[in-house]
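Q: Submitted below is the structure of interest, expressed as structure tokens.
The values are calculated or read from the model by the stated rules, or taken from the named source; none is laboratory data. None of these values were measured; they are calculated from a predicted model. So basically every Cβ, Gly included, is an ideal-geometry build from the backbone, and we count neighbours across all protein chains shown.
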Amino acid sequence: MTLHRATLPIAFATGVALALISTTALGRDAGRNRAVPQPHKTVDLTRYAGLWYEIGRYENGFERGMDGVTAEYRLRDDGQVQVINTGHKGGPDGKAKVAVARAKIVPDSGDAKLKVSFFGPFFFGDYWVLDHDPDYSWSIVGEPSGRFLWLLARDAKPTSVVRDILFARARELGYDTTRIRETLQ
């Protein structure tokens, strides 16, 4: 069976949705944070924009085996945010995979909640900036189901003090930090 180029994104999005449903149905999300907090503070998107390095994450299917992961946020003229995620399969110097998305800001969220779509106009996922340093040197990102968590920093190899702050703050937010897969940069 041959899929036309136009149907590939829809087929991929359907596969992701089915994988998420089956994971939940089989109880594989038992380690998730069941009490995800609301974002801790407002976000200045101008300051949040730019390059972030993934320091750690809850492992997930779309990033499995990836290191050297970055996320770049660019403000668009239409008020949305362009998201460019890059990860390297098999280590920080492995083959790069890039995914580009757009994000809408959720009204009345202090710009801390975004709806992100990597799959066109039909599928948007929640992206919540749960907390960040006042100087935007680190950020903790999650979403309402508690199954996903990302620890981000502006430096690829932050100091041990910054790492300790990220992990301690994630614990305070209710996340099981023993499940965090540290990202090699």
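Q: Might you check whether a residue that is touching a residue at least 12 places away in the same chain (Cβ under 8 Å), in a loop (DSSP other than H, G, I, E, B) and aliphatic (A, V, I, L, M) occurs anywhere in segment 162-179?
A: yes
Q: Considering only segment 25-62, how many residues are charged (D, E, K, R), modelled with pLDDT under 90 and surrounded by fewer than 17 Cβ atoms within 10 Å (Cβ to Cβ)?
A: Final tally of qualifying residues: 3.
Q: Residue 134 is checked against (1) surrounded by 13 or more Cβ atoms within 10 Å (Cβ to Cβ); (2) farther than 15 Å from residue 54 by Cβ and fails just one. What number does that condition carry?
A: Among (1) surrounded by 13 or more Cβ atoms within 10 Å (Cβ to Cβ); (2) farther than 15 Å from residue 54 by Cβ, residue 134 violates only (1).
Q: I'm trying to understand the selection: among the residues of segment 135-161, which are free of Cβ contacts under 8 Å to residues at least 24 places away in the same chain and not hydroxyl-bearing (Ser, Thr, Tyr)?
A: 135, 141, 161
Q: Residue pairs, Cβ under 9 Å, 6 or more apart or interchain, first in segment 23-47 and farther than 20 Å from residue 128 by Cα, second assigned to a loop (DSSP other than H, G, I, E, B) and modelled with pLDDT of 70 or more. List them.
A: Pairs found: 23/61; 23/147; 24/145; 24/147.
Q: Filter segment 139-159 down to the residues that are hydrophobic (A, V, I, L, M, F, W, C) and within 17 Å of residue 184 (Cβ to Cβ), then identify the one that is surrounded by the fewest Cβ atoms within 10 Å (Cβ to Cβ).
A: Residue satisfying both the conditions and the ranking: 156.
Q: Looking at (1) surrounded by 15 or more Cβ atoms within 10 Å (Cβ to Cβ); (2) polar (S, T, N, Q); (3) at pLDDT 95 or above, which is the only condition residue 178 fails?
A: (1)
Q: Name, by its number, the condition in (1) touching a Gly at 6+ places or on another chain (Cβ under 8 Å); (2) surrounded by fewer than 17 Cβ atoms within 10 Å (Cβ to Cβ) that does not hold for residue 87.
A: Unmet condition: (2).
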